[in-house]
Amino acid sequence: MCNLWGLFVVGLLVFSGQIYAQVADPTKPLNYQAGADASGVNAQNAIKVTSILISDSRKVAIINGQSLEESQAVKGVGAVVKKIEADGVVLQQNGKAWRVTLDNTAIRK
C-alpha cells in the first residue's frame, strides 16, 4: 500500500510539471522564444524593421525580411502590424502592443 501511495505522488508530480510547462508566462517579452545559442544565453526571436515605404496610397514595412502592410502578421512571430509610421512600426500580440523603431544603421546620408 505504501508503494502504491508513493507511485501516486510521483505520478501527480510528473503530471503537474507537464501542465505547468504548458502555461504561458505573462511576464516574458512578447517576442521571447526559449532556447540557447552557442554561448548558452537564452535566444530571442528579434524583430527587425529594415525598411519603411510610405506613399499616398500605401504603407509597407520590411520586417524580418517580410514585406508587410497594416493588419498583416509577421510569420514566425505571430505579431500583427497595427500601424506603420515613418520611423517605426507598432506591433500587437496577445492583446499587448509595442513599437519597434526602424533599424537605420544602413541608411546613407
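The values are calculated or read from the model by the stated rules, or taken from the named source; none is laboratory data. All figures in this text were calculated on a predicted structure; none of them were measured in a lab. Cβ placement follows ideal geometry from the backbone for every residue including glycine, while neighbour counts extend to all protein chains displayed.
For the chain, which fully contained strands (runs of 3 or more DSSP E) count at least 1 residues that are in contact with a strand residue (DSSP E or B) (Cβ under 7 Å, 6 or more places away or on another chain) and at pLDDT below 65?
32-36, 42-44
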task: Hey, can you tell me all the residues within the range 46-64 that are basic (K, R) and surrounded by fewer than 17 Cβ atoms within 10 Å (Cβ to Cβ)?
output: K48, R58
